[in-house]
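In what follows, a structure is listed as structure tokens, so that the remarks can point back to it.
What follows is calculated from the coordinates using simple rules that are stated; it is not laboratory data. As the structure is a computational prediction, the values presented were derived from the model and not from experiment. Methodologically, a virtual Cβ is constructed for each residue, glycine included, from the backbone with ideal geometry; neighbour enumeration extends over all protein chains shown.
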Amino acid sequence: MSKSLYISVGLLFTIAASAFASGADTVEARINFDFAGTRVLFKPELPELAGIPGGRAPFYTYLWDFGDGHFSMDEAPEHQYTEPGEYEVTLYTVSNYDNGPRPKRPTRKIKIDASKAAPQKVASGAEQHFFGPDGTFKLSKNANALPGEDMVVIAGVKTGEKGTVFLLTNEKIFGPEGFVLAGQSAYNGERVIPIDDSRTLKGLWAGVPSVSVTQSGSPDYGVFEEVEFTGNEAVDYFADLYGSYKTVTGYEVDGSADAQFSLINLDITPEMLTDTNATVTITGVFIPKEGPARIHQLDVPVVTSHDPNKMSVKQSRMRYRALARRKALTYKVQFQNDGEGDAKNIRLEVKLPDVLDLSTLELLNLYPQCDTCLTGQSVGCYHYEIRGEDTLVFHFKDIALPGSKAPDVHDKDSTRGFIRFRVQPKKRLPNRAFKGQTHIFFDKNDPIVTNMATSRFRKSLSPIVFAGYHQFLKRPETWRSDEASVNPGMMFGIGLAPLAPYRKLYWQVELYANTYRAGSAARGIPEEGAIEIPVERSGQPEPMPYFSYDRLVSSRFLQLRIVPLHIRYNFNSLVSAGIGALAETSVNTAYRESRTYHVQSDPEMVEVERLHTTDRLARGRLYVQPFVDVNVGRTYLGPVSGLRYVYGAGQGQATHLYVAWRF
């Protein structure tokens, strides 16, 4: 065998081994179908899933787009077309508990002739169970938001009315734009319209008499709210809603069909990784030509893998100032029974961050819907307790949550459950990331451990203002004589630092000034000279000799200080300390020197007082002085009192006693 043949065989072996090791599958995703009269029987052909070692059994979830405005979420659905023609069928899949890549999205064209056209439409199970409490407008999704992949939002309208549907994505409270519109179906004559004229929007809003609001997160939350408008309230309401989003798209519906479904493709950008484990909200708004509007808010968790059992928090990246005012956090724990039989007892042990005050916990929604357990013998109910300071134990007792693999289950939402609750932070909240996690127990099975639901604070700056007193412990060399005195003065300034750092070194810059008064008095300074004084006999000034004088000096100074280097550390929410160096210069803002001359005049000595000068002293040099500083109070945000010691060598040693406020 030649050397080149050995190399070729070895190369093929290496490629095959690499493919096997990486879990690659050579099976392409395909759509197969057969006809049974007017029914078309679809069946997917998909790569085998690569399960996570030690994890749960992986499985696919499905969204079939039949190309005529209808869809199904069954694995192998059947569908009937009512009009002859050629249709393009698309299959969207999601790999749950899978360790491999998502298969490519398969499409296939199907031709329907007159003999295979059905006399009337038959809705799929997913369509029959689509609409919630409002019954007229809803959004749904085929997957959670996994950065780098895509998802489909299904918008359903069931009113028979003409109108406009708006899709609001990319909430401003989150980071970069995470959703990008990639495409939209137009099976029902939907016409995408540009959203670039605020006057047109205000004209639509102004004619809305009321709005009904629903909310879901797969499954439905059971939230239904109605808001009536008078005057200009509708314009203000919708302006606030639309203004909270970065992206608004819209399309018109003709209202000709009983139920119209539009499939909207959204690409999820890699930048959305910064909001992992957050819950973002996509809002749909339907404004008919006349009558009440409808709003549906769809909560979408941002995930790193498609796991139906997860914990998320609405506020993943927060503003510290808002939460420091004890703004509540909203958590959601969701789960899915992926077996064949019903789950009877489900227990959630939710480990929450120690910075939260569990006494403020408020249950918002839950599914399966049931009442609270009144006694220990109650069935088909729920109860919860707080265990210790950081654990919520929630128990669904004697319920029946269907399994997703049961052959008679067509509504996948019925196999999923969740709890949503709100809880406030404790006072003096530290500026650090905090995490929560849940252990999910299905009946007597081992627990499923969810991801960490992590909340982080956005980086921000904290302006500082302060005022106080300046006092010399040791006077400057210029004023150290026994005859000199120095009086304390006011101090005031501004600063800037990172917002509420937690147990780490941080910088702080400052610009401040202080005033002080200094003076001296000297008596009997020997000096011979002459000074003109009025003489009684002539009434004219005449020079008279003097042999000594007294001097009185008073000055006011403004000291300007720049702190370019200040390193601080917050020990806790009450105490912080810092060390640094400042640059200081003094400006003489006022100077007065007066002299009293001792004149010998027969027969006695005469004292004559004269103002000698008011010329201010020159501005001082620039000096660098080290200092140490301690703060006591609300060191993260709010008022503190401070004490600073400044060592200035020949410029004196000083203390600053001040109060400051960190905003």
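In units of the compact-protein estimate 2.2 N^0.38 Å, region 116-234 shows a Cα radius of gyration of 1.25.
When a footprinting reagent is the concern and you count Cβ atoms within 10 Å, what order do 307, 443 take, fewest first? Walk me through the numbers on the way to the answer.
Working: 307 20, 443 13.
So the residues, fewest neighbours to most, are 443, 307.
Set the bar at 18 Å for Cα to Cα. Now go through 162/246; 202/289; 310/405 and name every pair that lies beyond it. From the list (162/246; 202/289; 310/405), the Cα-Cα distance tops 18 Å for 162/246; 310/405.
Give me the Kirkwood hydrodynamic radius of region 461-662, using the inverse of the mean 1/r over all pairs of distinct Cα atoms, in Å to one decimal. Numbers along the way, then the final one.
Details: mean 1/r = 0.0505 Å⁻¹.
So the Kirkwood estimate lands at 19.8 Å.
Here is the tail figure for region 85-173: Cα pairs spaced more than 19 Å apart come to 62 percent of all pairs. Working from label points 7 Å from Cα in the Cα-to-Cβ sense, the residue 600 to residue 562 distance is 5.7 nm.
Dividing the mean sequence gap of close Cα pairs (under 8 Å, 6+ apart) by how many residues region 146-305 holds gives a relative contact order of 46 percent. Computed over the alpha-carbon atoms, the chain gives an Rg to Rh ratio of 1.24, Rh here being the Kirkwood radius from the mean inverse distance.
Rg and Dmax over the alpha-carbon atoms of region 25-128 stand at 15.3, 52 Å. Restriction of the GluC sites (Glu not before Pro) in region 236-320 to DSSP coil positions whose beta-carbon has at most 12 other beta-carbons within 10 angstrom yields 290. Summarising the label geometry, the points placed 7 Å from Cα in the beta-carbon direction at residue 269 and residue 230 lie 4.4 nm from one another.
Overall size of region 310-457 from C-alpha positions, given as principal axis extents largest first: 51, 32, 24 Å. Taking every DSSP helix (H) stretch of at least 4 residues in the chain, weighting each as -39,500 (n - 2.57) and dividing the sum by the residue count yields a mean residue ellipticity at 222 nm of -2000 deg cm²/dmol. Look at 330, 450, 375 and count the other Cβ atoms within 10 Å of each Cβ; fewest to most, that gives 375, 330, 450. Taking every C-alpha pair closer than 8 Å and separated by at least 6 residues, the mean separation divided by the residue count of the chain gives a relative contact order of 9 percent. When region 503-604 is described by a simple charge dipole with +1 on each Lys and Arg Cβ and -1 on each Asp and Glu Cβ, the residue from 505, 598, 541 located farthest towards its positive end is 505. With the convex hull drawn over the C-alpha atoms of region 47-97, the volume per residue is 75 Å³.
So between residue 482 and residue 513, what do we pick up on full extension, going 0.36 nm a residue minus the alpha carbon distance? Walk me through the intermediate numbers first.
On the way: separation 31, 0.36 × 31 = 11.16 nm, distance 2.72 nm.
Value of the extension gain: 8.4 nm.
What the Cα atoms of region 198-318 give is an Rg and a Dmax of 16.4, 47 Å. By the count of other C-beta atoms within 10 Å, a proxy for reagent exposure, 139, 241 are ordered fewest to most as 241, 139. Extension gain for residue 422 to residue 641 (0.36 nm times residue separation, less C-alpha to C-alpha distance): 75.3 nm.
Taking every full run of DSSP H in the chain, the ones that stretch at least 24 Å from end to end by Cα along their long axis and average -0.5 or higher on the Kyte-Doolittle scale are 3-21. Among the cysteines of the chain, 370 have no other cysteine beta carbon within less than 4.7 Å of their own.
Note on region 144-208 and region 234-251: Cα centroid distance 11 Å, given to the nearest whole angstrom.
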